[in-house]
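Take a look at the structure below.
The values are calculated or read from the model by the stated rules, or taken from the named source; none is laboratory data. These numbers come from a predicted model, not from an experiment. A quick note on method: Cβ atoms are made from the backbone with ideal geometry, for glycine too, and the neighbour counts reach across all protein chains shown. SASA here: full protein model, heavy atoms, side chains in, ligands and nucleic acids out. Shrake-Rupley method; radii C 1.70, N 1.55, O 1.52, S 1.80 Å.
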Amino acid sequence: MSPDEVPVVRAAGCVLWRRSPRPPGLELCLVHRPKYDDWSHPKGKLKRGEDPLAGALREVAEETGYAAAPGAELPHVRYLADGRPKEVRYWAAAATTGAFTPSAEVDRILWLAPAQARARLTRPGDRPLVDALLAALAAGTTPCP
């Protein structure tokens, strides 16, 4: 199979956010995956035939323990993972109810102001999603819990 024939790994996730009483009034949730020792937005591979938005919300719940109200779709992120092309579709999502419980996949989460979240993200390609979320919130295209 040539590199052009390698199937794309499809994944989905959310830039999970909530209102905060502390300036700037907004916090983003990042997850720490001990297997990779990285900080990222919650995301994961889609199940066969799974709707991408449903998969994104499922991954948020599995990784963070929070249910979420989806908002605007954000830019897709494309990169190579283990030599295979991967495409992750993202949505803005407001955290609604829930609580985090550590697992083998995600051992910690952090709620950070946007600038802190941008700086903490391990992959530089994930950082523009913070700006995309802020633009979506400013445009009023995302629910406000």
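Annotations for the structure displayed:
- When only Cα pairs below 8 angstrom with a gap of at least 6 residues are kept, the stretch 33-84 shows a relative contact order of 23 percent.
- A dipole drawn for the chain from +1 and -1 charges on Cβ atoms has a positive end, and of Ala104, Tyr90, Leu134 the residue lying farthest that way is Leu134.
- Under a model in which nothing but the beta-carbon of Lys, Arg (+1) and Asp, Glu (-1) is charged, the stretch 1-120 shows a dipole of about 260 debye around its Cα centre.
- Considering only alpha-carbon pairs that sit under 8 angstrom and 6 or more positions apart, the relative contact order computed for the chain is 31 percent.
- Looking at the stretch 1-136, the DSSP beta bridges with both ends there are about 75 percent antiparallel.
- For Asp38, the accessible surface of its heavy atoms amounts to roughly 10 Å² (probe 1.4 Å, protein chains only, rounded to the nearest 10).
- Within the chain, helix-based [θ] at 222 nm, where runs of 4 or more DSSP H residues each add -39,500 (n - 2.57), nearest 500: -6500 deg cm²/dmol
- Surface composition of the stretch 17-140: carbon plus sulfur atoms contribute 54% of the solvent-accessible area (1.4 Å probe, protein chains only, all chains present).
- Accessible surface for Ser103 stands near 60 Å², nearest 10, in the context of the full protein assembly shown (1.4 Å probe).
- Accessible surface of Lys45 - all protein chains present, 1.4 Å probe, nearest 10 Å²: 130
- Projecting the Cα positions of Leu57, Cys14, Pro24 onto the charge dipole of the stretch 1-98 (unit charges on Cβ atoms of Lys, Arg, Asp and Glu, taken about the Cα centre) puts Pro24 furthest along the positive direction.
- Across the stretch 1-77, the mean sequence separation of Cα contacts (distance under 8 Å, 6 or more residues apart), normalised by length, yields a relative contact order of 29 percent.
- The chain, accessible area per residue, ligands and nucleic acids excluded (1.4 Å, Å²): 52
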